[in-house]
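First comes the structure, then the notes that go with it.
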Amino acid sequence: MSRVFPKAVLFDLDGTLLDSAPDMLATVDAMRAARGRGPMSMDVLRPVVSKGARAMTAAAFPDVPADERNVWIPEFLATYQRELGRHGTPFDGIEAMLRALEDAGSAWGIVTNKPEYLARELLPMLGWDTRCAVLIGGDSLPERKPHPLPLLHAAEAMGVTPEDCVYVGDDERDIVAARAANMRSIVALWGYRLDEDDPLAWQGDVLVETPQALCDPAIWPVRGVAR
């Protein structure tokens, strides 16, 4: 079994490091209130948080045509910016896991499809701005996940090869991007998923139930180490 952490780890943000669903719920509830509608159920919104603003707006207004809803995306982002960091928190065990990586000398960074300006505004609220080695947002580069470019760019910025890096995410496109980038991957089962999602079918290297489990280096799929 491996007794070492990877040289570098890249994480998705929403649904992997951060339970941002409460911020998102406050956002869609404000939009619904502005249109004379009552609050939305967290149980309905939570599964689609990792799918992005369009998916959340669709879940909040399923009776509104898509072309009309899509016009509201700038409003969603502006409202979310006001709610940013006010309600959401890191998942239980994330801080302990990040400290374990740092204590072992492993670098870590974030590759998210969230707009970079929102992710960058969020990091100081979490105390991660001086600890995160690289931050790539969904609009930082010409491509976004599931394309491998953001992961490859992040690894290069960290001074590691893709083979020395592991990507952790809760959505299928995270695992698709990692595979295309020739990175090992971990499926974060504590994140946001639709009922019909089958994480086993994503073909990640490891499926993990809790962040606390990642405090054990034996869980990590490290190349060149017998497991």
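The values are calculated or read from the model by the stated rules, or taken from the named source; none is laboratory data. Keep in mind the model is a prediction, meaning the values are calculated, not measured. For neighbour counting, all protein chains shown are included, and Cβ atoms are generated from backbone atoms with ideal geometry for every residue, glycine included. Ligands, DNA and RNA are excluded from the accessible area calculation, which covers all protein heavy atoms including side chains. Shrake-Rupley method; radii C 1.70, N 1.55, O 1.52, S 1.80 Å.
Cβ-Cβ distance of Leu189 and Arg35, R₀ of 30 Å, FRET efficiency by 1/(1 + (r/R0)^6): the value works out to about 0.30. Taking the centroid of alpha carbons for each part, region 137-201 and region 1-61 are 17 Å apart. About the centre of its Cα atoms, the chain shows a dipole size close to 240 debye [charges on the beta carbon of Lys, Arg (+1) and Asp, Glu (-1) only; nearest 20 debye]. Kindly list the residues of region 84-104 that lie in the label zone of Thr210, defined by a backbone N under 12 Å from the point 7 Å along the Cα-to-C-beta vector. Residues passing the 12 Å test: 92-94. Only DSSP H runs of four or more residues enter the estimate; each adds -39500 (n - 2.57), and after division by the residues of the chain the mean residue ellipticity at 222 nm equals -10000 deg cm²/dmol. Ordering 32-40, 152-160, 47-55, 126-134 by mean Cβ neighbour count within 10 Å, with the highest value first, yields 47-55, 152-160, 126-134, 32-40. Which residue, Leu141, Leu149, Leu122, has the most motion in a Gaussian network model of the chain that connects Cα atoms within less than 10 Å? Highest fluctuation among the options: Leu141. Between the listed residues Thr16, Pro65, Pro90, the Cα displaced farthest toward the positive end of the dipole of region 4-108, a dipole computed from Cβ unit charges relative to the Cα centre, is found at Pro65. In the chain, taking the dipole from charged Cβ atoms about the Cα centre, the farthest positive-side position among Leu45, Asn182, Leu207 is held by Asn182.
Rolling a 1.4 angstrom probe over the protein heavy atoms with all chains in place gives region 1-98 an accessible area of 43 Å² per residue.
What does the C-alpha gyration tensor say about the overall shape of region 35-151? Classify as rounded when a/c is under 1.5, otherwise prolate if a/b is larger than b/c, or oblate. It comes out prolate by the Cα gyration axes. Please list the non-local residues whose amide H lies under 5 Å from the amide H of Asp19, H modeled 1.01 Å from N, same-chain partners needing a gap of 5 or more. Counting only residues 5 or more places away or on other chains, the set is Thr89, Phe91.
Summing Cβ point charges (Lys, Arg +1; Asp, Glu -1) relative to the Cα centre of region 81-179 gives a dipole of roughly 240 debye.
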